[in-house]
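Quick notes on the structure that follows.
The values are calculated or read from the model by the stated rules, or taken from the named source; none is laboratory data. Note that this is a predicted model, so its numbers are computed, not measured. Virtual Cβ from ideal backbone geometry, glycine too; neighbours counted across all protein chains shown. Ligands, DNA and RNA are stripped out before the accessible areas are found, and what is left, the full protein with its side chains, is counted by its heavy atoms. Shrake-Rupley method; radii C 1.70, N 1.55, O 1.52, S 1.80 Å.
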Amino acid sequence: MLGSEIVGQSVVRPNIVQLDDIDKVILQELVKDARIPNNALAARAGIAPSTCLARVRALRESGVITGFHAAVDPEKLGLKTAALIALRIRPQARSRMVEIARELSRLPHVLTSFLMGGERDIIVHVVCASPAELRDFVSEKLSSNPDIANTQTDLIFEHIE
């Protein structure tokens, strides 16, 4: 029973939010454009604006919607070199992987960090001004980190949404 826990004779399941088709439309539209006006969102979902507002509030309160974010084009900021860097954590530091991933997320150039299963432990998505800046980042911030056993850098040629 994946994701379940047995308590006494009953099974306790994690809280999973059940979404109907209207909720799914609301989420799809908000993912496309989180700044969509409520009346336009309501029209796309086929519901009244007041109902739409209540549904969005319920999705936030249930934790389905965790926040609204601005999408930034790194190239407009002069950050033209993007990469995914796979990291292998040393065995003695494996108990601290979540903490290490959070520390990496706070580094300059890091957009996000992912804890992984499989051959690599953490993948970081980074943007830099140039390949030389990326090389320096890997050398100074990752390869010199005593918790990191090795890195593998893959350049991103284009992000397609």
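Brief remarks on what is shown
- A residue that is surrounded by 14 or more Cβ atoms within 10 Å (Cβ to Cβ) and more than 17 Å from Phe157 (Cα to Cα) can be found somewhere in the stretch 128-139.
- Options Thr153, Thr112: the member that is open to solvent by less than 70 Å² (accessible area, probe 1.4 Å) and in contact (Cβ under 8 Å) with a residue 40 or more places away in the chain: Thr153
- If you go through the stretch 47-63 and pick out every residue that is exposed (fewer than 11 other Cβ atoms within 10 Å of the Cβ) and either touching a residue at least 24 places away in the same chain (Cβ under 8 Å) or in contact with a His (Cβ under 8 Å, 6 or more places away or on another chain) (or both), you end up with 1.
- Some residue of the stretch 72-84 being more than 27 Å from Asn15 (Cβ to Cβ) and in contact with a Lys or Arg (Cβ under 8 Å, 6 or more places away or on another chain): yes
- Of all residues in the stretch 64-93, those being in a helix (DSSP H, G or I), at pLDDT below 95 and open to solvent by 50 Å² or more (accessible area, probe 1.4 Å) number 3.
- Inter-residue pairs, beta-carbon under 7 Å, first in contact (Cβ under 8 Å) with a residue 24 or more places away in the chain and in the stretch 91-105, second open to solvent by 40 Å² or more (accessible area, probe 1.4 Å), 6+ apart: Met97/Leu115
- Here Gly118 qualifies as at pLDDT below 95, within 18 Å of Ile148 (Cα to Cα) and out of contact with any helix residue (DSSP H, G or I) (no Cβ under 9 Å at 6 or more places or on another chain).
- If you filter the stretch 13-22 down to residues that are touching a helix residue (DSSP H, G or I) at 6+ places or on another chain (Cβ under 9 Å) and not in a helix (DSSP H, G or I), you find that the one that is surrounded by the fewest Cβ atoms within 10 Å (Cβ to Cβ) is Val17.
- Failed item, numbered, when Val25 is tested on (1) of a type in the set (Val, Ile, Thr); (2) open to solvent by 30 Å² or more (accessible area, probe 1.4 Å); (3) within 30 Å of Glu133 (Cα to Cα): (3)
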